[in-house]
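As structure tokens, the structure follows; a few thoughts come after it.
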Amino acid sequence: MFHAIRDESPGEEPLIDFRNIVTKYTGFTPSKGEDDVAEYIAGRLRSNGLTDVKIEGFPADGRKYYWAFVGEPAWEGEVGILDMVKPHGQRIADFAVARQVLGRYSTSADVTSEVIDVGEGVGDSDYAGKDVKGKIVLASGGAEFAHRLAVWKYGAAGLLMSRAGVERGRAPPGRVRALAISAPPGAARYGCT
């Protein structure tokens, strides 16, 4: 089906649609952003002549099962800004500009912290000799595994994922893949209101 759609799409339309989706909507499932993405795609299908386009909805409460899996609870990001404060002030990432930079299920926070580079951040050895408690961790490995170790095991205030393939320490502004702020288990949420 992908090839049939691609072959019928004139020029750069698929790229424009993709860019619109990743910059205007969060698209996390389930979320209002995902609903917006579905409406956008349905509208584009209708504008290309399809008439029987329907969007189906399902409960997103974290309790209902779909086949053998529990549906995820709904989550929608609102604001996410990453600023470098030293050696000079500079905006690195902003959810209002690029919605994909905010890590899913991030909690509300106002954190100013040293950033600790842990390499991939997916193994205990990546944290050896590094005090990450209450700090932001920079990792380049799998986000789920790095988050589990950095935040839940070692008490980091949050996780900053670097873009794969970017040479460490030389990433220009805008090369941020995701920022997730979470509280470790049993701790107060950082700056939560």
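The values are calculated or read from the model by the stated rules, or taken from the named source; none is laboratory data. What you are looking at is a predicted structure, and each value in this text was computed from that prediction instead of being measured. Methodologically, a virtual Cβ is constructed for each residue, glycine included, from the backbone with ideal geometry; neighbour enumeration extends over all protein chains shown.
Are any residues in the stretch 67-88 among the aromatic types (Phe, Trp, Tyr) and outside any loop (DSSP other than H, G, I, E, B), and if so, which ones?
Phe69
Within the stretch 30-44, how many residues are modelled with pLDDT under 80 and not in a loop (DSSP other than H, G, I, E, B)?
So the count comes out to 2.
Listed residues Lys24, Lys64, Lys54, Lys32; which is closer than 24 Å to Leu102 by Cβ, among the charged types (D, E, K, R) and without any contact (Cβ under 8 Å) to a residue 60 or more places away in the chain? Step through it out loud before you land on a result.
Working: Lys24 fails: without any contact (Cβ under 8 Å) to a residue 60 or more places away in the chain; Lys64 fails: closer than 24 Å to Leu102 by Cβ; Lys54 fails: closer than 24 Å to Leu102 by Cβ.
The match here is Lys32.
All but one of (1) over 14 Å from Arg104 (Cβ atoms); (2) modelled with pLDDT under 90; (3) surrounded by 23 or more Cβ atoms within 10 Å (Cβ to Cβ) hold for Glu167; which doesn't?
(3)
Consider the stretch 107-128. How many of its residues are in contact with a helix residue (DSSP H, G or I) (Cβ under 8 Å, 6 or more places away or on another chain) and either in a loop (DSSP other than H, G, I, E, B) or surrounded by fewer than 17 Cβ atoms within 10 Å (Cβ to Cβ) (or both)? Step through it out loud before you land on a result.
Step one: of the stretch 107-128, the residues in contact with a helix residue (DSSP H, G or I) (Cβ under 8 Å, 6 or more places away or on another chain) are 118-124, 126-127.
Now narrow it down to the ones that are either in a loop (DSSP other than H, G, I, E, B) or surrounded by fewer than 17 Cβ atoms within 10 Å (Cβ to Cβ) (or both): 118-124.
Residues meeting the conditions: 7.
Please state which of the following conditions Lys86 fails to meet, knowing it meets all the rest: (1) modelled with pLDDT of 85 or more; (2) of a type in the set (Lys, Arg); (3) surrounded by fewer than 12 Cβ atoms within 10 Å (Cβ to Cβ).
Among (1) modelled with pLDDT of 85 or more; (2) of a type in the set (Lys, Arg); (3) surrounded by fewer than 12 Cβ atoms within 10 Å (Cβ to Cβ), the lone unmet condition for Lys86 is (1).
Could you tell me whether the stretch 18-26 includes any residue that is in contact with a Gly (Cβ under 6 Å, 6 or more places away or on another chain) and assigned to a loop (DSSP other than H, G, I, E, B)?
yes
Which one of these does Ala109 not meet: (1) modelled with pLDDT of 85 or more; (2) among the small types (Gly, Ala, Ser); (3) under 18 Å from the mean Cα position of the chain (by Cα)?
Here Ala109 meets the rest and fails (1).
Report the residue count in the stretch 54-75 for those that are more than 14 Å from Lys32 (Cα to Cα) and of a type in the set (Val, Ile, Thr).
1
Just need a number here: residues in the stretch 73-109 that are more than 27 Å from Gly62 (Cβ to Cβ) and acidic (Asp, Glu).
Matching residues across the stretch 73-109 total 2.
Quick check on the stretch 140-154. Is at least one of its residues farther than 26 Å from Glu76 by Cβ, surrounded by 22 or more Cβ atoms within 10 Å (Cβ to Cβ) and out of contact with any Lys or Arg (no Cβ under 9 Å at 6 or more places or on another chain)?
So far as the stretch 140-154 goes, yes, one or more of its residues are farther than 26 Å from Glu76 by Cβ, surrounded by 22 or more Cβ atoms within 10 Å (Cβ to Cβ) and out of contact with any Lys or Arg (no Cβ under 9 Å at 6 or more places or on another chain).
Taking into account only those residues within the stretch 45-66 that are outside any loop (DSSP other than H, G, I, E, B) and under 23 Å from Thr23 (Cβ atoms), which is modelled with the highest pLDDT?
Arg46
If Lys86 satisfies all but one of (1) in contact with a Ser or Thr (Cβ under 6 Å, 6 or more places away or on another chain); (2) more than 25 Å from Gly142 (Cβ to Cβ); (3) among the charged types (D, E, K, R), what's the number of the condition it fails?
(1)
Read through the list (1) free of Cβ contacts under 8 Å to residues at least 60 places away in the same chain; (2) within 26 Å of Lys24 (Cβ to Cβ), then give the number of the only condition that Gly103 fails.
Evaluating Gly103 over (1) free of Cβ contacts under 8 Å to residues at least 60 places away in the same chain; (2) within 26 Å of Lys24 (Cβ to Cβ) leaves (1) as the failure.
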